[in-house]
Amino acid sequence: MSAISAAGESSDALKRKMAGLFPAATAMAYPFLLQAFHSAVSQPASALRLAAAVALLVLAFAMPLSGLAFACWQARGPQLLQSDLRARRLAYASIAAPPLFVFVGVAPGLVGLHVPEAALWIGLWALAGLYAWSGRGVPALAQTRHPSGTWRVAHGAAAVAIACFVLFHLANHLSGLAGPGMHAAVMKTGRTVYRAAAVEPVLVLLLLFQVTSGLRLAWRWSGLRSDAFRIFQIGSGAYLAAFILTHLNSALISARMVHMIETDWAWASGAPAGLFHDAWNIRLLPHYALGVFFIAGHLSSGLRVVMLAHGVRAPVANRIWAAGLALGALVSATIVCALCGVRV
């Protein structure tokens with residue numbers, strides 16, 4: 001009887017290990033969905049191609065979001081095994097596939113590494129999958145203590161300072177609805193502040209600190225049992241960490257320092273081809289859209305934690321959190337429409 005029980009447990013553990021490779025598989029598929037979408041919109045228009053393009057774009061957005069769903073599913077396990085913990089962390093990493101794919105498209109060229117992009121992408125996620133698969137079916141030595149309050153406070157304080165820049169940046173992109181001229185005028189005003197010699201280095205250091213502290217907090221939180229709210233907070237933080245590093249690499253290093261390109265509306269919108277009709281630029285669409293959504297979602301998640309800590313009832317805090325996500329989705333859709341040529 002015990003042998004049958006052990007065999008059943010072994011079979012279940014194997015199934016969970018195989019399921020743990022799902023995030024790596026979806027991340028591998030992500031660029032090919034975008035490539036298929038580009039192929040569909042590059043052909044003469046028809047109802048069938050339009051339906052296929054919409055379905056492919058929805059799937060491309062669903063791939064990174066499936067990492068959140070997987071992390072929620074995996075958190076329901078009866079016992080946290082080492083292999084489960086690695087699969088959970090892999091799921092959080094897969095959420096960041098859109099900015100990581102942009103990074104892979106820019107960074108290798110800057111360091112003189114000329115490797116086929118698809119091979120590099122698949123190789124990286126194969127290694128990530130191997131990391132998850134190599135986890136043993138023994139209880140994980142997960143942290144039993146919550147992250148240090150000092151790190152959480154420092155991360156939150158830096159977020160407040162960065163939010164001032166981020167909110168202006170989003171408003172600047174929303175002004176693109178009135179055209180590139182309006183965007184340029186607003187951006188010129190803002191740059192007198194955030195590109196000032198005494199401000200820009202501090203802002204960059206704050207962003208790098210936010211990435212470092214956020215990843216440290218996420219690593220510890222990922223080893224603890226979490227509800228859906230905490231999982232969303234960790235996942236959105238993982239996305240934003242990759243987004244910040246990618247944006248600094250693309251805008252500050254590649255565009256400004258190396259290629260001396262003006263990071264204006266034309267640069268952001270992929271002119272002259274645009275975001276939809278260029279095989280490389282299409283990767284920027286989910287990168288931008290999910291970036292804006294997760295900025296609002298992550299800030300809302302942090303606000304929810306603060307509200308609960310100060311005695312706000314959970315239903316009220318949850319409704320404010322949900323409103324923040326809805327607002328983020330609306331702002332995200334509006335900015336993407338502006339980048340794609342919609343004007344008011």
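Maximal additional length on extending the Trp151-Leu48 stretch stands at 31.9 nm, based on 0.36 nm per residue less the C-alpha distance. Decide, for segment 146-233, between rounded, prolate and oblate: order the square roots of the alpha carbon gyration tensor eigenvalues as a ≥ b ≥ c, take rounded if a/c falls under 1.5, and otherwise choose prolate if a/b is larger than b/c, else oblate. Because a/c hits 1.5 or more and a/b fails to exceed b/c, segment 146-233 counts as oblate. For the options Trp73, Trp133, Trp125, a Gaussian network treatment of the chain with springs between C-alpha atoms closer than 10 Å singles out Trp73 as fluctuating the most. Heavy atoms of the protein chains alone define the surface here; on that basis the chain has 50 Å² accessible area per residue at 1.4 Å probe size. Calculated translational diffusion coefficient of the chain (10 °C, 1.306 mPa s; Stokes-Einstein with Kirkwood radius over alpha-carbon pairs) equals 73 µm²/s. Computed from Cα positions, the angle between helix 47-74 and the longest principal axis of the chain comes to roughly 50 degrees.
Angle of helix 284-309 to the longest C-alpha principal axis of the chain, folded into 0 to 90 degrees and rounded to 10: 60°. Per-residue packing, averaged as other Cβ atoms within 10 Å, sorts the ranges 232-241, 168-177 into the order 232-241, 168-177, beginning with the highest. A protection proxy built from the mean count of other Cβ atoms within 10 Å ranks the segments 333-344, 213-224, most packed first, as 213-224, 333-344.
Surface composition of segment 14-104: carbon and sulfur atoms hold 74% of the protein heavy-atom accessible area at a 1.4 Å probe.
With distances taken between every two different alpha-carbon atoms, segment 157-295 has a Kirkwood hydrodynamic radius of 16.5 Å. Panel values: segment 183-251, Kirkwood radius from alpha carbon pairs, Stokes-Einstein at 10 °C and 1.306 mPa s, translational diffusion coefficient 114 µm²/s. Relative to the longest principal axis of the Cα atoms of the chain, the long axis of helix 97-110 makes an angle of roughly 60 degrees.
The values are calculated or read from the model by the stated rules, or taken from the named source; none is laboratory data. Just so it is clear, the structure is predicted and the values come from calculations on it, not from any experiment. Positions of Cβ are backbone-derived with ideal geometry, glycine not excepted, and every protein chain shown enters the neighbour counts. Keep in mind that these areas ignore ligands, DNA and RNA; they rest on the heavy atoms of the full protein, side chains included. Shrake-Rupley method; radii C 1.70, N 1.55, O 1.52, S 1.80 Å.
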